[in-house]
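The structure appears right after this line, and notes come after that.
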Amino acid sequence: MREDSYWKQRSRILWLNDGDRNTKFFHTSTTIRRNRNRISRILGDDGTLYEKQEDVERVFNDYFSKLFASDGSRTWNGVLDCIHPIVNDDWNRELCRPIELEEVKDAVTQLGTLKAPGPDGFPGLFYQKYWDEVKEVIVGTAMSYSESWEAVQVSTY
């Protein structure tokens with residue numbers, strides 16, 4: 001039964017019903033498909049026809065190694081030229097303005113009270129309940145992230 005299922009899958013004959021026997025036909029169809037899918041020869045970059053299995057493997061390996069290799073440079077200019085900006089000047093000014101206390105307070109009040117805690121281990125309820133005590137630290141942290149992000153943006157472009 002298990003061997004029948006194996007050959008059913010290997011032969012990719014969809015109309016094989018459960019209970020059909022594991023016959024020579026299915027073995028043959030699998031063998032034919034395997035031979036049809038095998039790459040027995042390939043033309044290399046140098047124009048040479050390679051027929052040995054190890055040569056075919058080497059040509060494939062060389063081709064894909066070159067295709068996915070990196071020269072180590074990290075210039076994004078070509079990529080960035082293809083991306084059209086969708087943030088207009090007004091949006092950009094809004095996004096780049098300094099963070100305000102009320103904006104952070106609104107974000108804290110929208111936190112799920114008992115949702116999974118952040119990296120500090122405190123759930124949203126803690127920050128909501130003790131807002132007056134922790135607001136300076138939270139806003140200062142948010143501003144330092146904002147300032148460090150601006151430094152990254154300036155140095156990148």
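When every Cα-Cα distance of segment 87-156 is counted in 5 angstrom steps from zero, the calculated P(r) takes the values 3, 14, 20, 22, 16, 13, 8, 3 percent. Centre-to-centre separation between the Cα atoms of segment 30-50 and those of segment 58-88: 29 Å. Projecting label points 7 angstrom from Cα along Cα→Cβ for residue 144 and residue 49 puts them 6.9 nm apart.
Where a number appears in this text, it was derived from the coordinates with a stated rule and is not lab data. All of these numbers come straight from a predicted model, not from anything done at the bench. Here Cβ is always computed from backbone atoms with ideal geometry, including for glycine, and neighbour counts include all displayed protein chains.
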